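Just dropping this structure here.
The values are calculated or read from the model by the stated rules, or taken from the named source; none is laboratory data. This one's a predicted model, so the numbers in the text were calculated from it and none came from an experiment. Cβ atoms come from the backbone with ideal geometry, glycine included; neighbour counts cover every protein chain shown.
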Amino acid sequence: MKRLVIICEGPTEQAFCQDLLQGHLFSKGILLDAPTIKHSNGGIVAWDTLKKQIVRHLNENNCFVSLFVDYYRIRDSYKFPGWMASKGINNIYDKMHFLFEQMSLDMDVSLRQRFIPYIQLHEFEGLLFSDISVFPNNFTKEELDFQLLQDAVTDFHTPEEINNSPATAPSERLKKAIKGYDKVVYGACLASDIGLNTIREKCILFDEWIRRLEDC
C-alpha cells in the first residue's frame, strides 16, 4: 500500500482526516497518517518552517505528502510561495491553483512529484455548510440560530466561497449561530454527519484535492 501524510493545521483537521478520510483512502490502497504542524500550538506557521516538515516526511520511505491548512489564517509575513503575486488574481479558484503551483515549484524537483499542495478555502468550517440540515439534529433550538446558517448558504454559490473577513468567515458565522460552538468538539462530528460524498459534491476545490489524493 502507498503511504500518505497529510500535515494538519490543528486537532480539528486531524480529527476530520482520521474520521472521514482514513477509511476512504484505505479502500483505495492508501495508508493515511495525519500529524499536526510541528512547532505550533494549533495553527499555521511560516512557510519555511512548514516546508521543513514537508520535506522531512517526503524523505520517509518515499511517501506522499499533502496539507490541510486554512487559507484564512495565512498572513503575508508567513511568505508562502506566490502569496503576494496571488493578490492580483481576482478569481478565487484561479488564485488557489496559482498558489498550489507555486508551492509545488518551491520543492526540490526530486520531491515534487510526491507533494500534493493544498490550502482549504477559506477555512475548515466552510465545509460544514455543505449540508446545514444536520445542525438541528445536533443542537437544541435554544442553542442554534438556524436562520444565520441559511443566510450564509443563500449568499454564496458554494460553501468554499463563504468569505474570509474577521466578521463573516465561516467560523465566525458558526460562533454566532451556535451558543458555545467549539470547532474541536463539534467540527469532525458535524462533518461525519454531513458525509464525505456530500462535501465533495458541494466543494469544488476540496473535491479536486481528494481526487489527487486518491491518485497518488
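Where residues in the stretch 1-41 are touching a residue at least 60 places away in the same chain (Cβ under 8 Å) and assigned to a loop (DSSP other than H, G, I, E, B), which of them is surrounded by the fewest Cβ atoms within 10 Å (Cβ to Cβ)?
That would be K28.
Inspect all residues belonging to the stretch 185-199 and state whether any of them is touching a strand residue (DSSP E or B) at 6+ places or on another chain (Cβ under 9 Å), within 21 Å of L21 (Cβ to Cβ), not in a strand (DSSP E or B) and not β-branched (V, I, T).
Restricting attention to the stretch 185-199, the residues satisfying the condition of being touching a strand residue (DSSP E or B) at 6+ places or on another chain (Cβ under 9 Å) are 186.
Subset that is within 21 Å of L21 (Cβ to Cβ): 186.
Now narrow it down to the ones that are not in a strand (DSSP E or B): 186.
Cutting the leftovers down to not β-branched (V, I, T) gives us 186.
Yes: the stretch 185-199 contains one or more residues that are touching a strand residue (DSSP E or B) at 6+ places or on another chain (Cβ under 9 Å), within 21 Å of L21 (Cβ to Cβ), not in a strand (DSSP E or B) and not β-branched (V, I, T).
Shifting gears a bit: In this structure, is R173 buried (at least 19 other Cβ atoms within 10 Å of the Cβ), more than 18 Å from D19 (Cβ to Cβ) and of a type in the set (K, R)?
Working: buried (at least 19 other Cβ atoms within 10 Å of the Cβ): yes; more than 18 Å from D19 (Cβ to Cβ): yes; of a type in the set (K, R): yes.
Here the answer is yes, as R173 does meet what is asked.
Would you be able to tell me the number of residues in the stretch 89-147 that are assigned by TED's automatic domain parsing to the domain that holds Y186, assigned to a helix (DSSP H, G or I), over 23 Å from Q14 (Cβ atoms) and out of contact with any Phe, Trp or Tyr (no Cβ under 7 Å at 6 or more places or on another chain)?
4
Take the stretch 80-104 and flag every residue that is of a type outside the set (F, W, Y) and closer than 19 Å to T49 by Cβ.
Of the stretch 80-104, the ones of a type outside the set (F, W, Y) are 81-82, 84-92, 94-97, 99, 101-104.
Residues satisfying the conditions are P81, G82, M84, L99, Q102, M103, S104.
Scan the stretch 149-170 and give yes if some residue there is assigned to a helix (DSSP H, G or I), touching a Leu at 6+ places or on another chain (Cβ under 6 Å) and closer than 30 Å to L31 by Cα, otherwise no. Break it down stepwise before answering.
Start the filter on the stretch 149-170 by keeping residues that are assigned to a helix (DSSP H, G or I), which leaves 149-155, 159-161, 170.
With touching a Leu at 6+ places or on another chain (Cβ under 6 Å) added as a condition, the list becomes 160.
With closer than 30 Å to L31 by Cα added as a condition, the list becomes 160.
Among the residues of the stretch 149-170, at least one is assigned to a helix (DSSP H, G or I), touching a Leu at 6+ places or on another chain (Cβ under 6 Å) and closer than 30 Å to L31 by Cα, which makes the answer yes.
Pull out all pairs, ordered by first then second residue, where Cβ-Cβ is under 9 Å, the residues are six or more apart or on different chains, the first lies in the stretch 204-216 and is free of Cβ contacts under 8 Å to residues at least 60 places away in the same chain and in the same structural domain as C63 (by TED's automatic domain parsing), and the second is of a type in the set (D, E) and surrounded by fewer than 18 Cβ atoms within 10 Å (Cβ to Cβ).
Sorted first by the residue in the stretch 204-216, then by its partner, the pairs are D207/E201.
Can you tell me how many residues within the stretch 84-102 are within 19 Å of I44 (Cα to Cα) and touching a residue at least 24 places away in the same chain (Cβ under 8 Å)?
Adding up the residues that qualify gives 1.
Would you check if there is a residue in the stretch 199-211 being modelled with pLDDT under 95 and surrounded by fewer than 17 Cβ atoms within 10 Å (Cβ to Cβ)?
Narrowing the stretch 199-211 to residues modelled with pLDDT under 95: none.
No, because not a single residue in the stretch 199-211 is modelled with pLDDT under 95 and surrounded by fewer than 17 Cβ atoms within 10 Å (Cβ to Cβ).
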